[in-house]
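The values are calculated or read from the model by the stated rules, or taken from the named source; none is laboratory data. In this text the structure is predicted, and so the values were computed from the model without any measurement. Here the Cβ positions follow ideal geometry from the backbone for every residue, glycine too, while neighbour counts run over all protein chains shown. For the accessible areas, the whole protein counts, side chains as well, though only heavy atoms, and no ligand, DNA or RNA atoms are used. Shrake-Rupley method; radii C 1.70, N 1.55, O 1.52, S 1.80 Å.
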Amino acid sequence: DAPTPQAKCPLAPLLSGAWLEMATTANARDMPAPQSVSRDGRVTWTVDNRRYDVSAFVEAHPGGRTAILAGRGRAATELFASYHSLSDTARRTLEKYYVEDAQPGDADYCDDFEWKATPFHDELRRRVKEHFAGRPGGANAHKAPAWKLAFLGAATLGWAAALGGFLMGSWAAMLAMPVLYWLGPSSMLHDGMHGSLFASPRLNALAAALGGVHMEPLAWLHQHVIGHHSHTNLHGRDPDLDHFSGSGGASVLQVGAAEIEGNAFYGFRCHKDEPYRKTFGAWRAWLPIMSVLTTVYPSMVESTEMLSRGSFLGRVPQVALSRTDKVRLWFGRALVASTLWVAPWFVCGVTLKALAFATLPLFMHGAIYYVFSQVSHIQAPCFDYDGGKSGGERMEWAEMQVRHSLDWGNGGMAQTLASIGLNSQVVHHVFPGVDPAHYGELRPIFEDVCAQFDVPYHRRHSLLAALRDHVGLLYDMNRADVWGGTEAERAPATMAPMVA
């Protein structure tokens, strides 16, 4: 047979852009066993506890290979619901590839949510589809409008110019660089991995790659797209609850007995089900430290640790990665470290200025990211469902997403652009494939439907009010006088008053 371009040149996958799409094969020795496997040995996709083998459809998937392969070998009902809410044909297509039902007790059998009758989600879908019906763009009317793409392009070009100034030792460029990166490439990482920017999956992947300083896109796929969006604020399922407590077990920051999960010396907890540690009493000291590390740590530690563990923070099993994927991940982290950490010492010499240049941009970006991201979920009213563990009535997945998210501000475009759409997380968590530029228009729909079904819609009038409530929750969850001692799990915390 004729050699493939990859066989002719080892760098061809990188140069051609083929690495932007997830490889279909993986080194089995490096991978955890798939959870969704049919009785005849096929690795499958499990949706609504029904197994499907869509291997033959991977290349034809409109959302691209990366998106569909994210659900391979796992229970993927939440992923399917997230990204096909506006589709009238996805379910019919899926049923063509039905294999068998998963049985209670199987690794891929999941009954966290109610899926048989979903009137709340159905009404939201109906109203949102009506909203976009007849608009320019047709079936892609919910993607990013041209002005949004122009804004992202301008911010990205501004960041590139600031990076040039940074490498020449400009203080102004150094201070501008993290802000411009947040407004441009960070937004493209978030929106591109959700597929909301373009109809083309390759363009979405390229946009996400430009945000790779913020976090490696493959790691972001596991942490954010699969883990956080499927099981928002569910303890033991959502890796976002583990970033600051060490519960997921970031080994480089753990001390003491190895058999004690999360035996870390740092951080604070966000959830009452997280076992209390004495070190949490120092949460006020750790809060500013962890907030400025919110870019450095996921970008450099969590992104690479995922490869050695076979999962993201022990919560999200790793999807199949090729050698090219792994080389790109390591190459990307090395490029980030050499540009942002090493280069300043060559440009400025061994000086305090070099130290400032090597730390402040990432610390500034981390602080921005922490404020805008954490206030929308780590709130007292956003933890009212445990996935049915307490034995109560199971909830619709869409209702859980609404209950476990919070919007702030008026949904205006200035707030949306400044927060890269994180000001409207209630809308985002039900329709992540809709670009944030449309969220302000969709808020009234959510308010109406939530009122109709008696589902609480959490909103604060400003970012400052949301931030104040967020800090109030951290105070309640980390009080040694309430949670310390042998009766910790039974001691009720007195919650800080919420700001309307």
Which order do you get for H61, H229 if you rank them by accessible area with a 1.4 Å probe, largest at the top? H61, H229
note: the stretch 83-193, Cα-Cα separations exceeding 25 Å make up a percent value of 54
Which aspartates and glutamates does K272 reach when only Cα atoms under 15 Å apart count, and residues fewer than 8 places away in its own chain are ignored? D238, D240, D242, D384, D386, D476, D481, E487, E489
Surface share of carbon and sulfur [accessible, 1.4 angstrom probe, percent] for the stretch 330-390: 78
Ranked output for segments 401-408, 333-340 by mean other Cβ atoms within 10 Å, highest leading, reads 401-408, 333-340
How far apart, in nanometres, would the label points at A146 and A334 be if each is projected 7 angstrom from Cα along the Cα-to-Cβ direction? 4.3
Residue span A356 to D384: 0.36 nm per residue of separation minus Cα-Cα distance leaves a gain in nm of 5.8 nm
Can you give the Rg to Rh ratio for the stretch 308-466, taking only C-alpha atoms and Rh from Kirkwood? 1.08
Rolling a 1.4 angstrom probe over the protein heavy atoms, how many square angstrom per residue are accessible across the stretch 328-387? 41
Label-to-label distance, nm, for residues given as E95 and L206 (7 Å Cα→Cβ offset): 3.8
Quick one: accessible area per residue over the stretch 62-108, 1.4 Å probe, rounded to a whole number of Å²? 46
Rounded to the nearest 10 Å², what accessible area does W483 have for a 1.4 Å probe in the complete protein model? 10
Any idea how far apart H461 and C348 come out in nm if each label point goes 7 Å out from Cα toward Cβ? 4.2
Please pull out the direction-averaged projected area of the stretch 307-347, using the convex hull of its alpha-carbon atoms, in nm² to one decimal place. 3.6
Pull out the extension gain between D481 and A199, defined as 0.36 nm times the separation in residues minus the alpha carbon to alpha carbon distance; nm, one decimal. 96.2 nm
Report the full-extension gain for the segment E393 to I289: residue separation times 0.36 nm, less the Cα-Cα distance, to one decimal in nm. 33.5 nm
Of the options Q103, H142, F120, report the single residue whose Cα projects farthest towards the positive end of the charge dipole of the stretch 45-155 (beta-carbon charges: Lys, Arg +1; Asp, Glu -1). H142
To make sure I understand the rule: partners must be aspartates and glutamates, Cα under 13 Å from the Cα of K129, and not fewer than 8 residues away in the same chain. Which ones qualify? D88, E441
Net charge around P298, counting only other residues with Cβ within less than 13 Å of its Cβ (Lys, Arg = +1; Asp, Glu = -1)? -4
Highest mean first, how do 415-421, 53-59 rank when packing is the count of other Cβ atoms within 10 Å averaged over residues? 415-421, 53-59
For D273, D469, write out the residues from largest to smallest accessible area, computed with a 1.4 angstrom probe and no ligands counted. D273, D469
Round to the nearest 10 and report in Å² the accessible area of R125, as given by a 1.4 Å probe over the protein chains' heavy atoms. 60
